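Here the structure comes first, spelled out in structure tokens, and everything after it is commentary.
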Amino acid sequence: MLFKQQAWLRQKLLVLGSLAVGSLLYLVARVGSLDRLQPLCPIEGRFGARGQAEFPLRALQFKRGLLHEFRKGNASKEHVRLHDLVQQLPKAIIIGVRKGGTRALLEMLNLHPAVVKASQEIHFFDNDENYAKGMEWYRKKMPFSYPQQITIEKSPAYFITEEVPERIYKMNSSIKLLIIVREPTTRAISDYTQVLEGKERKNKTYYKFEKLAIDPNTCEVNTKYKAVRTSIYTKHLERWLKYFPIEQFHIVDGDRLIAEPLPELQLVEKFLNLPPRISQYNLYFNATRGFYCLRFNIIFNKCLAGSKGRTHPEVDPSVVTKLRKFFHPFNQKFYQITGRTLNWP
């Protein structure tokens, strides 16, 4: 009899202990979710004066869940309407460059409660077929957001496509444009690596980087090779400056964003006239992946896809030297135009 009572008592204690742990975990999750749910978030500058463009961050957090349900078909359009959510054209665009860190920049900016990102590359302005569908088609590709928020999309091909500057200018001549760049030779090799991986996945052979980057007839840098051409940043930027003043561009150091992301993100917040909200808490180094991951709150973390941070193939040092010497005068002009000097060899 005593043994049965003891067993019954142990079972009761286990149940009570489970309830206590569950309650504690619930409270921890609530505290974590409140980390980003401050009462008000003022949006300053050209997106609204202080006190006139405020919205509850708790509602923004709820919005993320609502939109997830909406995309799955579990929330009605009426629910979205009741919460004043709209699809609006972007107020800022990450226009490039390819393999410069555009995805990392977009995901990191999404840490800010006043920023809403388009999940996929839209390729509206660089694709004639998409562009012919019109601005309303483009707007419908944007995520739902509050009117006071900034919608941002990224399509790296925009930077190098000739028709894009004029097309974006016709949409919004005062839009803010973000360009994220890496050391040109490193970026070209990264570009090559991504293409190489795609070829290998399809069991196709591909030339070595050295054979593509160097013209075999002249032994000089092959400017017809797209990976090289894309890294001549100043040539592409000059085309954009025919439509937009340099003040509407912000240059992000992609190499620094990988190694030390917070200072770069703070510069972007300032450029977009956003109140500072991204902190070191939101960024943590993942030793296994070898780069920084994102922390939205205590229960929601996110790392970039496994395709990021590919290992580059070894490249002949003499080819690397030749490429860096080739890019050097273009880099100097890029520094001069943008007013930002980067530590490139």
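The values are calculated or read from the model by the stated rules, or taken from the named source; none is laboratory data. Predicted model, so just to flag it, every value in this text is computed and none were measured. Here the Cβ is made from the backbone with ideal geometry for all residues, glycine too, and neighbour counts use every protein chain on show. Areas reflect the complete protein model, heavy atoms only, side chains present, ligands, DNA and RNA absent. Shrake-Rupley method; radii C 1.70, N 1.55, O 1.52, S 1.80 Å.
Structural remarks
- Once the Cα-Cα distance is subtracted from the 0.36 nm per residue extended length, the Arg167 to Cys303 segment shows a gain of 45.6 nm.
- Nearest-0.05 FRET efficiency for Asp84 and Glu136, computed from C-beta distance (R0 22 Å): 0.65
- Shown in residue order for the stretch 202-210 are the 3J(HN,Hα) couplings computed by the Karplus curve 6.51 cos²θ - 1.76 cosθ + 1.60 at θ = phi - 60°: 9, 6, 10, 8, 8, 5, 6, 4, 4 Hz (x for Gly and Pro).
- Given charges at Cβ of Lys, Arg, Asp, Glu: the stretch 192-268 dipole, positive-most of Leu265, Phe244, Tyr192: Tyr192
- Stretch gain in nm, segment Asp128-Arg239, where the contour uses 0.36 nm per residue and the Cα spacing is subtracted: 38.1 nm
- Net charge of the neighbourhood of Pro345, taken over other residues with C-beta under 11 Å away and scored Lys/Arg +1, Asp/Glu -1, is +1.
- About its Cα centre, the stretch 152-213 has a charge dipole of approximately 220 debye under the convention of +1 per Lys or Arg Cβ and -1 per Asp or Glu Cβ, with nothing else charged.
- When peptides 324-330, 122-128 are ranked by their average number of other Cβ atoms within 10 Å per residue, the highest-first order is 122-128, 324-330.
- Contour excess over end-to-end distance, with Cα ends at Thr341 and Asn273 and 0.36 nm allotted per residue: 22.2 nm
- Relative protection proxy for 254-265, 129-140, from highest mean packing down: 254-265, 129-140 (other beta-carbon atoms within 10 angstrom).
- Distance in nm between pseudo-label sites at His328 and Ile175 (7 Å out along the Cβ direction from Cα): 3.7 nm
- Lys333 sits among other residues whose Cβ lies under 13 Å from its own Cβ, and their net charge, with Lys and Arg +1 and Asp and Glu -1, is +1.
- Counted by Cβ distance under 12 Å from Asp316, the other residues give a net charge of +1, where Lys and Arg count +1 and Asp and Glu count -1.
- Bins of 10 Å, starting at 0 and running to the largest distance - Cα pair percent for the stretch 213-345: 10, 29, 32, 23, 6, 1
- Highest mean packing first, where packing is the average number of other Cβ atoms within 10 Å per residue, the peptides 245-251, 141-147, 180-186 line up as 180-186, 141-147, 245-251.
- Solvent-accessible heavy-atom area per residue, rounded to whole Å², over the stretch 144-243 at 1.4 Å: 46 Å²
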